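Undergrad: Just passing along the structure, written as structure tokens.
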Amino acid sequence: MTTPPSPKVAPASGRLGVLTVGLGAVASTLIAGVELAKRGQGKPIGSLTQMGTIRLGKRTDDRSPLIRDFVPLAALDDIVWGAWDVYPDDAYVSASRAGVLESGKHIEAISDALREVRPMQAAFERKYARNLDGQHVKPISSKRGMLDAIREDINRFREDNKCERLVMIWCASTEIFIEPGRAHIDLESFEKAIDANDETVSPCQLYAYAALLEGVPFNNGAPNLAVDAPVLRQFATDKGVPISGKDFKTGQTLMKTVLAPMLKARMLGLSGWYSTNILGNRDGEVLDAPENFKTKEESKLGVLEDILQPSKYPDLYGDVFHKVQINYYPPRGDNKEGWDNIDITGWLGYPMQIKVNFLCRDSILAAPLALDLILFSDLAQRAGLGGIQEWLSFYYKSPQVAPGLYPEHDLFIQLTKLKNTLRWMMGEDQITHLGREYYEEI
Ligand SMILES: NC(=O)c1ccc[n+]([C@@H]2O[C@H](COP(=O)([O-])OP(=O)(O)OC[C@H]3O[C@@H](n4cnc5c(N)ncnc54)[C@H](O)[C@@H]3O)[C@@H](O)[C@H]2O)c1
């Protein structure tokens, strides 16, 4: 297999407009964090683009620049924020309401910047997230009208803020479960479905389609159907616009994609994995509706099967009981608690148990992923990489891959893939970890 030639990467000149669909806990924590980091008032911990390094050449070469010094990423100072939401709260009110950040230290300090981010009216229909009752919604009932209005918003935002480039990221509530169907086969059927107000075309798909029509990369932080619909996947490829998804890999699934590859690497068996969570933010409230939870459940359940490949290892993984629960529990707010009970088997089938109790902060884990996805998808656009960005699998619970491929879930393989993509973009050698050179030259 030969490596294709490295692309030419256009410089990151001018302003980058970032459009977040949804201005809730994740989006407001992202915006506040970036504004604080810009002013030296907070560290962007968890962000590979801001804190990560990349090894180049041999281990003995001692070349490990920061990723942001190696690839031409947009500077945080060049970001301009825009958003849509079902509620009219600006980013200051939204961040205060979400209760993720300390008000004195991390909200008041940048209150002016946060107040400037006022959401545009949402393209929203209640049937897709019935636990939301916001009224800051476009007064349009037809899907075609909504699509046109989103496109107008995008273009107005671009002009008003003199943006050179834009990126869109879905940080809105998880929509109800929709499987790709007749409406999603090709552009003709999708266009017809939009005109017929087909209910399998959700608002998220309309934002995604509007973004692609306007040449704007789209990233999906939630598990609902969007650019993974065949029609949008193909359209993004044909138009050369980067897409990535889906569902930020933050807490419990992050742990799963580290622990399960470890079990498989050591050929340890698994008989059951019971995961449960308590969560009290608005996301938890939306997921309390069974149709919305189903979307999340599908995204969380697929991971183990893809990693463990039970058909290849029937003795080890042929009969795994896997259960995932999310319970809405308001007192905890955004501070989720997850428990995993993992029943494993060792030599001769002797049982053992692993317990994980992760007291995490949902949006604190999600914000850096959102920032990296924004900066990397803008980079992909400038490198001329359209369609699925599999190298961004690192960030997702359900990574999008070409039809017929199984997704790579192992966090460290995903990281290697990401870094090798950056090396390839910049014309550096791939790192294979073979390492014979250290011994043959002695
Ligand atoms: N925080 C995490 O760890 C994490 C991990 C994976 C996925 N996610 C997903 O990220 C998304 C955002 O999470 P959050 O905690 O910020 O939720 P949130 O409820 O605080 O914010 C979502 C916002 O989206 C808005 N919204 C809903 N539908 C909309 C539409 N059609 N147009 C515009 N705005 C709309 C809601 O009004 C709400 O303010 C959720 O779908 C969640 O499942 C979060």
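Undergrad: Dipole magnitude of the stretch 218-292 about its Cα centre, charges +1 at Lys/Arg Cβ and -1 at Asp/Glu Cβ only, in debye to the nearest 20?
TA: I would put it at about 440 debye.
Undergrad: Ratio of alpha-carbon Rg to the 2.2 N^0.38 Å globular estimate for the stretch 1-51, to two decimals, please.
TA: Here the answer is 1.63, to two decimals.
Undergrad: Using per-residue counts of other Cβ atoms within 10 Å, averaged over each peptide, order 130-143, 44-57 from highest down.
TA: Going by the mean number of other Cβ atoms within 10 Å, highest first, we get 44-57, 130-143.
Undergrad: Rounded, prolate or oblate: which fits the stretch 302-405 when a ≥ b ≥ c are the square roots of the eigenvalues of the alpha-carbon gyration tensor, with rounded for a/c under 1.5 and prolate only if a/b beats b/c?
TA: Oblate, because a/c is 1.5 or more while a/b does not exceed b/c.
Undergrad: What net charge do the residues around Gly272 carry, taking every other residue with its C-beta under 12 Å from that of Gly272, with Lys and Arg at +1 and Asp and Glu at -1?
TA: Surrounding charge for Gly272 is -2.
Undergrad: Quick one: dipole size for the chain, taken about the Cα centre, charges +1 on Lys/Arg Cβ and -1 on Asp/Glu Cβ, in debye to the nearest 20.
TA: Dipole of the chain, to the nearest 20 debye: 560 debye.
Undergrad: For the stretch 313-442, what number of Lys pairs, 8 or more residues apart or on separate chains, have alpha-carbon atoms under 29 Å from each other?
TA: So the count works out to 8.
Undergrad: Name the shape class, rounded, prolate or oblate, that the alpha-carbon gyration tensor gives for the stretch 72-143, where a ≥ b ≥ c are the square roots of its eigenvalues, rounded holds for a/c under 1.5, and otherwise prolate holds if a/b is larger than b/c and oblate otherwise.
TA: Here the stretch 72-143 falls in the oblate category.
Undergrad: Another question, if that's okay. In sequence order, what are the phi-derived ³J(HN,Hα) couplings for the stretch 371-384 according to the Karplus relation 6.51 cos²θ - 1.76 cosθ + 1.60 with θ = phi - 60°, rounded to whole Hz, with x for glycine and proline?
TA: 3J(HN,Hα) across the stretch 371-384, in whole Hz: 4, 4, 4, 4, 5, 6, 6, 5, 4, 4, 4, 6, 8, x.
Undergrad: Another question, then. Please list 4-12, 240-248 highest first by mean number of surrounding beta-carbon atoms within 10 Å per residue.
TA: 240-248, 4-12
Undergrad: Something else: Mind checking which lysines have their Cα closer than 22 Å to the Cα of Lys138? Skip sequence neighbours fewer than 8 apart in that chain.
TA: Correct list for Lys138: Lys127, Lys192.
Undergrad: If packing is taken as the average number of other Cβ atoms within 10 Å across a peptide's residues, how do 89-96, 406-413 rank, most packed first?
TA: Listed from highest to lowest mean packing, they are 89-96, 406-413.
Undergrad: A follow-up question, please. Quote the charge dipole size of the stretch 347-439 about the Cα centre in Debye, to the nearest 20; the model charges only the Cβ of Lys and Arg (+1) and of Asp and Glu (-1).
TA: Charge dipole, the stretch 347-439, about its Cα centre: 200 debye, nearest 20.
Undergrad: Please give the per residue accessible area of the stretch 178-318, computed with a probe of 1.4 Å over protein heavy atoms only, in Å².
TA: 36 Å²
Undergrad: Taking Cα centroids, how far is the stretch 205-254 from the stretch 59-91 in Å?
TA: The stretch 205-254 and the stretch 59-91 have Cα centres spaced 19 Å from each other.
Undergrad: Positive end of the dipole of the stretch 119-230, charges at C-beta (+1 Lys, Arg; -1 Asp, Glu), about the Cα centre: which of Phe124, Ala226, Ala211 has its Cα farthest in that direction?
TA: Of the listed residues, the answer is Phe124.
Undergrad: What does the net charge come to around Tyr317 if you take all other residues with beta carbon closer than 10 Å to its beta carbon, with K and R at +1 and D and E at -1?
TA: Net charge in that neighbourhood comes out at -1.
Undergrad: Specify the inter-centroid distance of the stretch 408-442 and the stretch 344-373, based on alpha-carbon positions, in whole Å.
TA: 25 Å
The values are calculated or read from the model by the stated rules, or taken from the named source; none is laboratory data. Keep in mind that what you see is a predicted model, and the values were worked out from it rather than measured. Virtual Cβ from ideal backbone geometry, glycine too; neighbours counted across all protein chains shown. Heavy atoms of the whole protein, side chains included, go into the accessibility calculation; ligands, DNA and RNA do not. Shrake-Rupley method; radii C 1.70, N 1.55, O 1.52, S 1.80 Å.
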